[in-house]
Amino acid sequence: MKKLIAGNWKMNASLAGNEALVQGLLAGVGTPACDVAVCVPSPYLAQLQTLLAGQQAIALGAQNVSAHESGAYTGDVSAAMLKEFGVRYAIVGHSERRQHQAESDTLVAIKAERALQAGITPIVCVGETLQQREAGLTDTIVKQQLSAVIHLVGHCISEIVVAYEPVWAIGTGKTATPEEAQHVHSVLRAQLQAATEHADRIRILYGGSMNAANAAQLLAQPDIDGGLIGGASLKAADFLAIVAAAQ
Ligand code: PGA
């Protein structure tokens, strides 16, 4: 299966900075062997749609989507709006939103469904906190998070991307070892296999301090089908090195 390397810029962007970063990416990306995407803050979608026009190597992604279709939801951005700007992927249920915006498993599942209905691939994030890992709850937590999505989207489950992001590894420089990550990915794969016969084509990304130095080893694991990259996606050279590691 073709791997996916997706950059999550989080709340780091500016008109000038985006232009420089995208120019650097386009100059070096060539024809990648994997799918590549950048998930940017909503105000910059129009700029990115223009910067990425006329090429196929890098797709556009969003970092969130409203659980509602349209109407009186001040501050929300709908899946249909994202679609108008050429968005192909939308991150849903990132741990930063689960934590700071109190997003529940059910809300995340509704967001995934909204994205799918608009023809956008949701990148559904799951992951345990350090406390949960130390209590031996890792498998239980990630399965619970994914299960809400499986139940809501039903047979469309084969259209999603999953990202396993241990919360303790995000932005900390602490990466899960390839073996630790592979274990959780295999648990998620088995859960997807029980839900669909197409589980082998669902990409399960790893995220959490993935960088140019550790990407190849992580991506060599049998159930790691790509990466969701935060910090290292903000420098063209680092992000391109990860893309190159995903051959
Ligand atoms: P990080 O972030 O690569 O900076 O750890 C990953 C993410 O939160 O998606």
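A few points about this structure:
Condition check ((1) of a type in the set (A, V, I, L, M, F, W, C); (2) within 15 Å of R114 (Cα to Cα); (3) at pLDDT 95 or above) across all residues:
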{"residue": "A53", "(1), (2), (3)": "yes, no, yes"}
{"residue": "A59", "(1), (2), (3)": "yes, no, yes"}
{"residue": "A67", "(1), (2), (3)": "yes, yes, yes"}
{"residue": "A79", "(1), (2), (3)": "yes, yes, yes"}
{"residue": "E96", "(1), (2), (3)": "no, no, yes"}
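- Selection of the range 184-205 for residues being in a strand (DSSP E or B) and free of Cβ contacts under 8 Å to residues at least 40 places away in the same chain yields an empty set.
- Filter result (hydrophobic (A, V, I, L, M, F, W, C) and closer than 13 Å to T129 by Cα) within the range 168-189: W168, A169, I170, A176
- When residues of the range 81-93 are limited to those that are over 16 Å from the mean Cα position of the chain (by Cα) and either over 20 Å from V161 (Cβ atoms) or among the aromatic types (F, W, Y) (or both), the one farthest from the ligand (Cβ to nearest atom): E84
- Filter pass, Q182 being away from the ligand (no atom under 15 Å from the Cβ), polar (S, T, N, Q) and surrounded by 18 or more Cβ atoms within 10 Å (Cβ to Cβ): yes
- Among the candidates L240, L205, L188, L192, residue that is within 12 Å of the ligand (Cβ to nearest atom), among the aliphatic types (A, V, I, L, M), within 25 Å of Q63 (Cα to Cα) and buried (at least 18 other Cβ atoms within 10 Å of the Cβ): L205
- Considering the range 128-166, and only residues there that are of a type in the set (G, A, S) and free of Cβ contacts under 8 Å to residues at least 60 places away in the same chain, the residue that is nearest to R97 (Cα to Cα) turns out to be A148.
- Of the set (1) surrounded by fewer than 23 Cβ atoms within 10 Å (Cβ to Cβ); (2) within 11 Å of the ligand (Cβ to nearest atom); (3) farther than 20 Å from L21 by Cβ, all apply to L234 but (3).
The values are calculated or read from the model by the stated rules, or taken from the named source; none is laboratory data. On a predicted model such as this, the values are computed, not experimentally measured, just so you know. All Cβ positions, even for glycine, are placed from backbone atoms using ideal geometry, and neighbour counts span all protein chains on display.
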